[in-house]
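Working notes, beginning with the structure itself.
Only the coordinates and a few stated rules stand behind these numbers; no lab work does. All values derive from a computational prediction rather than experimental measurement. No Cβ is skipped: glycine too gets one built from the backbone with ideal geometry, and neighbour counts run over all protein chains shown.
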Amino acid sequence: MLRGKPDRTALQGKTPASRAHVSQILPFAEVSCRATFRTGGRLPSFRGPTLRGGLGFHLKRAVCHVRASRCEDCIVRGTCAYSYVFEGVPPEGRTFMQLYPNVPQPFVMLTRFDEPEDVEPGGELEFGLRLFGRAIELFPYVAYSLIELGKEGLGRGRIKFDIQEINQPSQSIAVFRRSSNKLGTLKKEVVRIDGSPAGTGHITIEFVTPLRLRVAGREARKVSFSDLIRAAVRRLSIMTQFYGLPLADALDTSQLLSGCEAVEVVEDNTQWFEFRRYSGRQKRRVPMGGLIGSMTFVGNLSKYLPLLELAQVTNLGKATSFGFGRFKVSSDDKLGIGE
């Protein structure tokens, strides 16, 4: 649960007359990167943490000229691209999450957890990001840092790669091509929610990357539908508060929370996935894991679909900026944007 005393409107719905459309409350921009390995070696099968670490290192190197100082002591912290994207600097005068020194980062990595560990020169590397808030405008710094990461190398083996293209799939355009060495701008996107019939009776949720969720103070090895809905409300309440319009402007979240226990799990094909990553801050390898696989639910589900479709954009649970918590939803209506 959130500590402190956040505005109650972040967790409770408003009247229908004042409600914004849920598809509009969290603009984002998604990019996909296609690269070619120049050298070979071994990488983790889940490359999100490795890519995120390299991106952060090169972004700080690109924009920071006060290398001996901590970000907390820097006078340009409030406008710095690195601090905004990676440190989660809260806005001045905030009334939400006041007891937290940082807010969630305005991006998520888009990877899979089952990539081949052995890579060879000439092999392809594909990954993506979703950016929120001012991070969309700061995309040139992100793109430059990824290009520099490729030059220096990825992982402990410093496996080098060349980014061939960076695309914005929703616009069907390439915003960067190595052949031209020019960088375009991103257009803001909104989640596509077409609605669903009231009779929607079952959905399947597939966890594309490990879901790290804490339930009752512990890391969950099994989850219920209500666990997922509460996690989605929490995640979206925070993300929309800082990077869009408050979630409660679009959905009656109190109604969703009060009814979600009635939805039943009819099939659970999840399992625990764990690996260790090297933490540059802690100077050691730390274990990280989560649930992968799929779950099928039965119940009165149509009212939850807008919330879940929006949550597909932000990922769920902990460590989303590393790529954890990526999922997709499918139903009779063939919903799902998280492929």
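Of the residues G259, G244, G153, which exhibits the maximal mean-square fluctuation in a Gaussian network model of the chain defined by a 10 Å Cα contact cut-off?
Of G259, G244, G153, the Gaussian network model singles out G259 as fluctuating most.
Only Cα pairs under 8 Å and at least 6 apart count here; give the relative contact order of the chain as a rounded whole percent.
Worked out over the chain, it gives 25 percent.
Mind ranking 172-184, 208-220 by how tightly packed they are, going by the mean number of other C-beta atoms within 10 angstrom, highest first?
Highest to lowest by the protection proxy: 208-220, 172-184.
Around G78, with a cut-off of 13 angstrom between Cβ atoms, what is the net charge of the other residues, counting Lys and Arg +1 and Asp and Glu -1? Numbers along the way, then the final one.
Working: positive: R77, R94, R134; negative: E72, D73, E87, E92.
Net of charged neighbours comes to -1.
Cut-off 10 angstrom, C-alpha nodes, Gaussian network model of the chain. Which of L251, L43, L316 fluctuates the most?
Checking each option, the largest mean-square fluctuation is seen for L43.
By how many nm would the segment from L99 to R112 lengthen if fully extended, with 0.36 nm per residue of separation less the alpha-carbon distance?
Result: 1.3 nm gained on full extension.
How large is the charge dipole for the chain, taken about the Cα centre, if only the Cβ atoms of Lys, Arg (+1) and Asp, Glu (-1) carry charge, to the nearest 20 debye?
In total the dipole reaches around 1440 debye.
If I compute mean projected area of the Cα convex hull in nm² from the structure I just sent, which labelled value in (1) 17.6; (2) 23.7; (3) 16.7 lines up?
The calculated read-out lines up with (1).
Sum up the charges of everything whose Cβ sits under 12 Å from the Cβ of L55, counting Lys and Arg as +1 and Asp and Glu as -1, but leave L55 out.
Within the 12 Å Cβ shell, the charges total +2.
Using a Gaussian network model of the chain whose springs link C-alpha atoms within less than 10 Å, name the residue from N102, N315, N167 with the highest mean-square fluctuation.
Its mean-square fluctuation being the largest, the pick is N102.
Just to confirm a number: summing +1 for Lys and Arg and -1 for Asp and Glu over residues other than V265 whose beta-carbon lies under 11 angstrom from that of V265, what do you get? Intermediate results must be reported in sequence, preceding the final value.
On the way: positive: K222; negative: D227, E264, E267, D268.
Result for the local shell: -3.
Just the Cα atoms of segment 138-191: what Rg and Dmax do they give in Å?
When restricted to the Cα atoms of segment 138-191, Rg and Dmax are 12.6, 38 Å.
Based only on Cα atoms, what Rg/Rh ratio does segment 99-236 have, Rh being taken as Kirkwood's radius?
Here Rg/Rh amounts to 1.01.
Going down the table (K188/K318; K160/K318; K188/K222), which pairs top 32 Å between alpha carbons?
From K188/K318; K160/K318; K188/K222, over 32 Å: K188/K222.
Using alpha-carbon pairs under 8 Å, 6+ residues apart, how would you state the relative contact order of segment 28-183 in percent?
41
I'd like the FRET efficiency for E274 and S32, computed as 1/(1 + (r/R0)^6) with the beta carbon distance as r and R0 of 35 Å, rounded to 0.05. Mind dumping the intermediate values first?
Numbers: r = 27 Å, r/R0 = 0.78.
Given R0 = 35 Å and the Cβ-Cβ separation, E is 0.80.
Mean 1/r over all different Cα pairs, inverted: what Kirkwood radius does segment 28-183 give, in Å?
On the way: mean 1/r = 0.0604 Å⁻¹.
Taking the inverse mean of 1/r over all distinct Cα pairs, segment 28-183 comes out at 16.6 Å.
Classify segment 21-81 as rounded, prolate or oblate, taking a ≥ b ≥ c as the square roots of the eigenvalues of its Cα gyration tensor: rounded when a/c is under 1.5, otherwise prolate if a/b is larger than b/c and oblate if not.
Since a/c reaches 1.5 but b/c is at least a/b, the shape of segment 21-81 is classed as oblate.
Can you give me the pair-distance distribution of segment 225-314, C-alpha pairs, 5 Å bins, whole percents?
Each 5 Å bin holds this share of Cα pairs: 3, 11, 19, 18, 15, 14, 11, 6, 3, 0.
If I stretch the segment between A262 and C64 completely, what's the gain in nm (0.36 nm per residue apart, minus their alpha carbon distance), one decimal?
Computed gain between A262 and C64 is 66.2 nm.
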